[in-house]
Amino acid sequence: MPRDSSIEQTDTRELVTDATFTFVTDRTDGKWLVLVVRVPAEPSRHRVAVWRELRRIGALSLGQGTWAVPDVPAFAAGVTRVIELAQRGEGEVMVLDAVGRDERDGARLEALFTADREEELAEFLADCGKFDAEIDKEFRNSKFTMAELEEEEHSLERLRRWHRELKIRDVFGAPSAEQAEQRLKHCTDRLADYTQQVFQALHQM
């Protein structure tokens, strides 16, 4: 595949060394979809749009212009969207069904896919920490206003949407998934406490 007609590789890990895909996973019945993406280099916005969608759906980069997702319904709409975006840029996406030869290959792919989910969960947990710190600041400053409450509600809703997306992509159960669930609940409880304080402050006026 010509280098200038593909989406730039964003992951330096080596997994596929030839044209044979040897993927096995238990939770997907050993089935993966391999997307071979070809989009003209110019205008670059089309390649960027395809790359962003691949990242958004949690596709695993296997090499130059080659990505993989578990063959489960949760990824179907995203794959369709990737194909549409590539075609808008006069490109194409070849979608290959991949089934592994042995369990070691599948375990390696699953580990790489789950490692990506762990990175996303780590970022999510960090943002939960920021939300917690923001609530602490509001309490510390006794800033119990409707404006601040609405801002915190928007922040929590963003965390909830993000968490829903992470759960959909986490096919194999990343180690930090349970912690993320607990932290989101903690953030929800903190907002409930803050809401109560705002209610009390407003009704004392």
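The values are calculated or read from the model by the stated rules, or taken from the named source; none is laboratory data. Please read these numbers as outputs of a predicted model, since none were measured by experiment. All Cβ positions, even for glycine, are placed from backbone atoms using ideal geometry, and neighbour counts span all protein chains on display.
Some points to look at:
- Ser176 being among the hydroxyl-bearing types (Ser, Thr, Tyr) and at pLDDT below 95: no
- Among the residues of segment 83-108, the ones that are surrounded by 14 or more Cβ atoms within 10 Å (Cβ to Cβ), without any contact (Cβ under 8 Å) to a residue 24 or more places away in the chain and not polar (S, T, N, Q) come to 1 in all.
- The set of residues in segment 86-106 that are more than 24 Å from Asp29 (Cα to Cα), in contact with a strand residue (DSSP E or B) (Cβ under 9 Å, 6 or more places away or on another chain) and either of a type in the set (A, V, I, L, M, F, W, C) or not in a loop (DSSP other than H, G, I, E, B) (or both) comprises Ala86, Gln87, Glu92.
- Of everything listed in (1) modelled with pLDDT of 95 or more; (2) in a helix (DSSP H, G or I), the single unmet condition for Ala201 is (1).
- The residues on offer are Ala49, Ala77, Ala111, and the sole one that is at pLDDT below 95, surrounded by fewer than 22 Cβ atoms within 10 Å (Cβ to Cβ), under 22 Å from the mean Cα position of the chain (by Cα) and assigned to a helix (DSSP H, G or I) is Ala111.
- Screening Asp132, Asp102 for residues that are of a type in the set (Asp, Glu) and modelled with pLDDT under 95 leaves exactly one candidate, Asp102.
- Any hit, segment 139-160, residues being surrounded by 12 or more Cβ atoms within 10 Å (Cβ to Cβ), outside any helix (DSSP H, G or I), out of contact with any strand residue (DSSP E or B) (no Cβ under 9 Å at 6 or more places or on another chain) and charged (D, E, K, R): yes
- The numbered conditions (1) in a helix (DSSP H, G or I); (2) at pLDDT 95 or above; (3) buried (at least 17 other Cβ atoms within 10 Å of the Cβ) are all true for Glu118 except (3).
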